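The values are calculated or read from the model by the stated rules, or taken from the named source; none is laboratory data. Everything numeric here is computed off the predicted structure, so don't read it as measured data. A quick note on method: Cβ atoms are made from the backbone with ideal geometry, for glycine too, and the neighbour counts reach across all protein chains shown. To get the accessible areas, we keep the full protein, side chains included, count just its heavy atoms, and leave off ligands, DNA and RNA. Shrake-Rupley method; radii C 1.70, N 1.55, O 1.52, S 1.80 Å.
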Amino acid sequence: MTAIKLALLGLLLAVAIVFPHLFGNATVTLVAFFALLYATMASAWNILAGYTGYYSLGHAAFFGIGGYAMAILCQDYTIQGGYGAFYLLPVCGLIAAAFAVPLGIITLRTRRHVFVVLTIAMLFIGQLLAFNLLGLTSGSNGMILPLPPWIGAAYNIPFYYTALALLVLTMSTSFWIRRSRFGLSLMAIRDDEDRAAGLGINTWLHKLIAFVVPAFFLGMVGATYFYFQGQIEPQFAFNPLDDLAMALMSFSGGLGTVLGPVLGGLLIEGAQQYFALTSGVGGNYLILYGALFLAVILLMPRGIIPTIAAIWSSYREKRNDQQASASPGEASNSEALGVAEGTSR
Amino acid sequence: MLLNWDLISGAVVLGIFTGGIYALMASGLTLTFGVMDVINVAQGALVILGAYLSYAVEQHLHIDIFLSLLITMPAMFLIGMLLEVAFIRPLKHERTVFSILVTFAIALVIEGILGKIFTTNFVQLGANAWYVNQSFKIGGTYVGYIYLFGFVLAAVLLAGLYLLLYRTRFGFALRATVENRTAAQLIGIDVERVSAITFGIGVSLAAAGGMAFGATQTFDPGSHYDLISRLLAIIILGGMGSLAGAMIASIFMLVVFNVTSVVYSPTWGTVVFFVLLSVVLLVRPQGFLGRAEARRQ
């Protein structure tokens with residue numbers, strides 16, 4: 001079973017790798033690039049929200065911090081646009097993670113809704129600081145990032161592969177965490193934090209790590225995003241819509257699963273970019289987005305992947321039942337076994 | 001820096017007046033949380049919606065903005081009840097967290113609709129009303145009459161809310177639901193009806209707050225992000241579900257904001273407040289008057 005899954009994933013990865021060579025159209029690769037980036041963000045967000053049960057609506061702050069780290073590093077060390085700038089991504093991720101440590105220590109003192117609200121405050125403090133620390137961020141004027149030398153349709157390709165690499169990295173981490181003892185501890189915290197602490201799990205450290213790891217990935221995603229855009233401004237770096245996007249994608253795909261947030265990210269961001277490119281109307285996009293979110297939460301509160309899984313397993317159960325009733329010999333056999341077991345006890 | 005006490009006392013007075021207006025918006029939010037365990041992130045967008053309704057009434061019917069409340073508050077009460085029945089009531093498990101997501105989506109839809117109808121240009125209410133343009137001297141500074149009137153409006157409505165909560169049968173039912181939802185249900189209180197009405201009251205208070213907000217500053221459909229972050233900070237600081245806490249925290253926040261603005265710089269007012277909020281929560285995670293629920297799971 002896992003071999004089949006691995007083969008499928010390998011096939012998907014191969015398709016993703018050759019994708020820009022099959023569809024060289026700049027619009028298609030642009031949509032694909034954004035879809036991969038947002039899938040990465042949702043996958044990272046899911047490590048904290050899905051496994052640990054702490055719904056942060058402020059992690060987009062680390063996306064912004066990563067972006068500003070990229071802009072400031074490029075400016076201070078006069079780094080030219082090109083492949084070299086991609087080497088800065090881990091540095092930007094580490095800077096974002098470094099910010100996440102004290103912020104995590106403060107916000108994780110609270111739980112549930114107070115935590116959600118504190119993380120929202122964290123996002124807005126970040127935005128206000130980006131607006132006001134003129135010496136560092138140039139405030140509302142924004143900053144210019146170095147211009148990559150690639151022209152036309154070729155511009156998207158390096159970014160596409162960077163986003164793909166980030167997605168693979170984040171998904172592998174997410175998969176590893178879910179399978180590890182560490183991940184089990186996180187899920188224990190999600191289910192009952194006090195009991196988890198009682199069982200000897202260092203909940204403080206586990207939660208902090210689950211808070212900082214997504215910040216690392218989001219910092220790298222932010223750096224890639226704003227390197228691609230060529231400029232960064234506070235309202236786009238610290239955007240509450242990005243937090244909502246990560247939550248929406250994770251919830252619609254299936255919170256707490258490895259594949260769900262990725263699927264949600266690819267589908268929703270792909271559709272949204274497509275709408276934005278074809279219709280290009282601001283108000284409509286907000287209404288569509290909000291309505292879609294409402295529909296998903298009210299109709300499929302457990303997400304696409306868990307809902308489909310539930311339908312699939314109930315279908316298999318039904319089929320098994322039908323097979324069982326279709327062959328009475330087997331049924332009576334198992335009945336006989338049941339009786340035998342009952343008597344032997 | 002030389003401290004000018006006239007300026008500071010003026011900032012304190014202005015902070016108390018605007019704090020009253022914020023208390024109006026925050027009271028609905030904290031009441032809804034207390035009764036239903038629901039955090040209405042759309043409260044900011046509903047405040048802006050109320051402001052735009054007053055704007056439409058003022059522009060098309062030429063009615064004074066304070067009188068427009070007689071139309072907008074009942075309308076918003078109905079909108080609130082509808083929202084509760086359609087979107088909040090179906091939420092069964094993990095209610096608080098899901099309510100944040102659902103109401104965030106509602107806020108986006110409201111923002112999108114307002115953007116389509118009223119465009120994204122900034123507007124202000126009562127541009128021709130005398131109380132918006134004239135001011136009076138208090139301490140050493142001038143304060144617009146609208147701030148005083150907004151504060152009086154807030155005081156009247158909050159007093160009305162107090163009477164409703166503590167002197168009527170519905171108020172008893174509501175407070176019983178805050179204390180213990182299941183027990184209230186067991187003694188025969190229709191908590192779903194109480195919830196819908198509470199949500200309606202919260203939203204209609206948002207409409208009144210929106211009118212005062214829209215008359216004291218310009219706004220556009222996107223103004224709700226800034227507003228909701230402040231309102232959430234206020235109810236967290238005051239203690240989730242505590243009405244008195246929300247009022248104290250509103251005034252505390254706006255006084256801090258205004259004093260920082262005159263002493264240092266307006267752009268840092270909000271940052272100073274958020275930093276103070278974080279400090280308070282580190283010491284007291286449940287806020288000023290909240291019960292120690294913030295750390296309960």
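Each Lys and Arg contributes +1 and each Asp and Glu -1, all at the Cβ; summed about the Cα centre of the protein assembly as shown, the dipole is approximately 1020 debye.
Share of pairwise Cα-Cα distances greater than 51 Å in the protein assembly as shown is 15 percent (whole percent).
State the volume of the convex hull built on the alpha-carbon positions of the stretch A:205-319, expressed per residue in Å³ and rounded to an integer.
With only Cα atoms used, the stretch A:205-319 gives 142 Å³ per residue.
Rounded to whole Å, the principal axis extents of the Cα atoms in the stretch B:152-297 read 55, 36, 26, largest first.
Computed per residue of chain A from DSSP H runs no shorter than four, each worth -39500 (n - 2.57), the mean residue ellipticity at 222 nm is -26000 deg cm²/dmol. With every protein chain in place and a 1.4 angstrom probe, the accessible-area ranking of B:Phe66, A:Phe211, largest first, reads B:Phe66, A:Phe211. The 3J(HN,Hα) values that the Karplus relation (6.51, -1.76, 1.60; θ = phi - 60°) gives for the stretch A:70-82 are, in residue order, 4, 4, 6, 4, 4, 5, 5, 9, 6, 7, 7, x, x Hz. Gly and Pro appear as x.
Which three numbers, in whole Å and largest first, are the semi-axes of the equivalent ellipsoid of the stretch B:5-283 derived from its Cα gyration tensor as √(5λ)?
On the way: eigenvalues 176, 98, 66 Å².
In descending order the semi-axes read 30, 22, 18 Å.
Sorting the Cα pairs of the stretch A:1-96 by distance into bins of 10 Å, from 0 upward, gives 13, 28, 35, 21, 2, 0 percent per bin.
Here chain A is treated with +1 on each Lys and Arg Cβ and -1 on each Asp and Glu Cβ, and its dipole about the Cα centre works out to around 380 debye. A:Lys318 contributes an accessible area of around 130 Å² to the protein surface, as traced by a 1.4 Å probe with all chains present.
Dipole orientation for the stretch B:5-283: of the candidates B:Gly34, B:Val156, B:Phe257, B:Gly34 has the Cα lying most toward the positive pole (charges on Cβ; Lys, Arg +1; Asp, Glu -1). Of the residues A:Ile201, A:Ser314, A:Tyr285, the one whose Cα sits farthest towards the positive end of the charge dipole of chain A is A:Ile201 (charges of +1 on Lys and Arg Cβ, -1 on Asp and Glu Cβ, taken about the Cα centre).
Need one word for the stretch A:122-207: rounded, prolate or oblate. Basis is the Cα gyration tensor (sqrt eigenvalues a ≥ b ≥ c); a/c below 1.5 gives rounded, then a/b vs b/c decides. Working shown, then result.
Values: a/c = 5.05, a/b = 1.58, b/c = 3.19.
Cα axes put the stretch A:122-207 in the oblate bin.
For A:Ile151, the accessible surface of its heavy atoms amounts to roughly 140 Å² (probe 1.4 Å, protein chains only, rounded to the nearest 10).
Which order do B:Glu58, B:Glu179, A:Glu193 take by accessible area at a 1.4 Å probe, largest first? Could the numbers behind the result be given before it?
Numbers: B:Glu58 35, B:Glu179 130, A:Glu193 5 Å².
Descending accessible area places them as B:Glu179, B:Glu58, A:Glu193.
Ordering B:Ala129, A:Met187, B:Leu114 by the projection of their Cα atoms onto the charge dipole of the protein assembly as shown, which places +1 on the Cβ of Lys and Arg and -1 on the Cβ of Asp and Glu, puts A:Met187 at the extreme positive end. Mean per-residue shielding of peptide A:123-129 is 5, counting Cβ atoms of other chains within 10 Å of each Cβ. Taking the Cα atoms of the stretch A:2-302, the ratio Rg/Rh between the radius of gyration and the Kirkwood radius comes to 0.96.
Considering only protein heavy atoms, with the full assembly of protein chains and a 1.4 angstrom probe, order B:His62, A:His59, A:His206 by accessible area, largest first.
B:His62, A:His206, A:His59
About its Cα centre, how strong a charge dipole does the stretch B:5-283 have in debye, to the nearest 20, once Lys and Arg get +1 and Asp and Glu get -1 at the Cβ?
Numbers: 11 positive and 12 negative charges, 85 e Å.
The dipole magnitude comes to about 400 debye.
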